[in-house]
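Working notes, beginning with the structure itself.
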Amino acid sequence: MELKDKVIIITGGCQGLGRAMGEYLAAKGARLALVDLNQEKLDQAVAACKALGTEARAYLCNVANEEQVVDTVARIAEDFGAINGLVNNAGILRDGLTVKVKDGEMTKLSLAQWQAVIDVNLTGVFLCTREVAAKMIELKNQGAIVNISSISRAGNMGQANYSAAKAGVAADTVVWAKELARYGIRVAGVAPGFIETEMTASMKPEALEKMTSGIPLRRMGKPTEIAHSVAYIFENDYYTGRILELDGGLRL
Ligand SMILES: NC(=O)c1ccc[n+]([C@@H]2O[C@H](COP(=O)([O-])OP(=O)(O)OC[C@H]3O[C@@H](n4cnc5c(N)ncnc54)[C@H](O)[C@@H]3O)[C@@H](O)[C@H]2O)c1
């Protein structure tokens, strides 16, 4: 699919990887609907996309809230007159060991920590995919849905909630690719390794060194490298039902 003039929704589009994806796709002429929780940051991200010469709009919406997702997708379709793609990028972390004993004290991962991550990172992806696919079918629009999974889908210590959600997203990418192919909708994913974001920028040099020393390419990935993979999936019409691993050769 040629990205020029196509309408692409990016969840979690106001910072980090989502913002980099917006600017990358804007430079290719895509029309963007950025979905997130913070109006001020959304406005900044929209301005950055517009500065690259394309149309962009901001939508405040919690991807884990069914009513808000239904309403937002309907508004995007009305505002742009079409939907050709979605990046399910919004995500959160609530890390912790499931059971931990330190100095004789036992702590447990709370149900709230578990549920918050499942709600946003798995249920949110389901809700956005369902609503966008339904609208694309209704409008007879073809295109692609890209899900952001993670290297942690293989199982990462301290991330029982996050690993489960990201593995679920990877499995459902295959399910939805099979279910939606008949409507001309491809569904694929990207599983990033460790990527340079605001979060990693504030880490101590020793901690960063320890993290990167295990990566065969000896460095973290850049947000634009993830955005490049997302664009590749949109542009390559034979890519569906697969997860593109982008982790510098690291495998958990
Ligand atoms: N940064 C990495 O190294 C890395 C590695 C693997 C996977 N990922 C995945 O990439 C995606 C983006 O990560 P990031 O590093 O840019 O994170 P980030 O925290 O910088 O950005 C995530 C964005 O999602 C938004 N968001 C969170 N909950 C939301 C909700 N309920 N509704 C709408 N928006 C919501 C946040 O407001 C934020 O703008 C996530 O799915 C993350 O799991 C990141």
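See the values below:
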item: Among the residues listed as 219, 153, 186, 182, the single one being part of a loop (DSSP other than H, G, I, E, B) and either among the basic types (Lys, Arg) or on the phi > 0 side of the Ramachandran plot (or both); result: 219
item: Scope the stretch 114-148; condition more than 16 Å from the ligand (Cβ to nearest atom) and not in a helix (DSSP H, G or I); matching residues; result: 140, 141, 142, 143, 144
item: Test set (1) without any contact (Cβ under 8 Å) to a residue 12 or more places away in the chain; (2) in contact with a Gly (Cβ under 6 Å, 6 or more places away or on another chain); (3) among the aliphatic types (A, V, I, L, M) - residue 174 fails condition number; result: (1)
item: Matching residues in the stretch 74-114 - criterion: being closer than 18 Å to residue 13 by Cα and basic (Lys, Arg); result: 75
item: Top-ranked residue in the stretch 94-146 [being touching a Lys or Arg at 6+ places or on another chain (Cβ under 6 Å) and polar (S, T, N, Q); ranked as nearest to residue 70 (Cα to Cα)]; result: 113
item: Single match in 42, 37, 97, 111 (criterion: of a type in the set (A, V, I, L, M), away from the ligand (no atom under 16 Å from the Cβ), touching a Leu at 6+ places or on another chain (Cβ under 8 Å) and more than 20 Å from residue 137 (Cα to Cα)); result: 97
item: Elements of type strands (runs of 3 or more DSSP E) in the stretch 1-110, at least 1 residues being out of contact with any helix residue (DSSP H, G or I) (no Cβ under 7 Å at 6 or more places or on another chain) and over 26 Å from residue 221 (Cβ atoms); result: 99-102, 105-108
item: Criterion: farther than 26 Å from residue 134 by Cα and touching a strand residue (DSSP E or B) at 6+ places or on another chain (Cβ under 8 Å) - qualifying residue of 109, 25, 86, 34; result: 109
item: The stretch 81-93 - residue that is surrounded by fewer than 18 Cβ atoms within 10 Å (Cβ to Cβ) and more than 20 Å from residue 66 (Cβ to Cβ) and, of those, nearest to the ligand (Cβ to nearest atom); result: 93
item: Residue in the stretch 135-144 that is touching a residue at least 60 places away in the same chain (Cβ under 8 Å), surrounded by 18 or more Cβ atoms within 10 Å (Cβ to Cβ) and in contact with a Ser or Thr (Cβ under 8 Å, 6 or more places away or on another chain) present; result: yes
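A quick yes/no check of all residues on (1) more than 30 Å from residue 176 (Cβ to Cβ); (2) away from the ligand (no atom under 12 Å from the Cβ); (3) within 15 Å of the chain's Cα centre (by Cα); (4) at pLDDT 95 or above:
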position: 195; (1), (2), (3), (4): no, no, yes, yes
position: 206; (1), (2), (3), (4): yes, yes, no, no
position: 216; (1), (2), (3), (4): yes, yes, no, yes
position: 220; (1), (2), (3), (4): no, no, no, yes
position: 223; (1), (2), (3), (4): no, no, yes, yes
position: 228; (1), (2), (3), (4): no, yes, yes, yes
position: 231; (1), (2), (3), (4): no, yes, yes, yes
position: 235; (1), (2), (3), (4): no, yes, no, yes
position: 244; (1), (2), (3), (4): no, yes, yes, yes
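Rundown of residues vs (1) of a type in the set (Lys, Arg); (2) modelled with pLDDT of 95 or more; (3) under 26 Å from residue 249 (Cα atoms), yes/no style:
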{"site": "134", "(1), (2), (3)": "no, yes, no"}
{"site": "150", "(1), (2), (3)": "no, yes, yes"}
{"site": "153", "(1), (2), (3)": "yes, yes, yes"}
{"site": "169", "(1), (2), (3)": "no, yes, yes"}
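The values are calculated or read from the model by the stated rules, or taken from the named source; none is laboratory data. What you see is a predicted model; the values in this text were computed from it and never measured. Here Cβ is always computed from backbone atoms with ideal geometry, including for glycine, and neighbour counts include all displayed protein chains.
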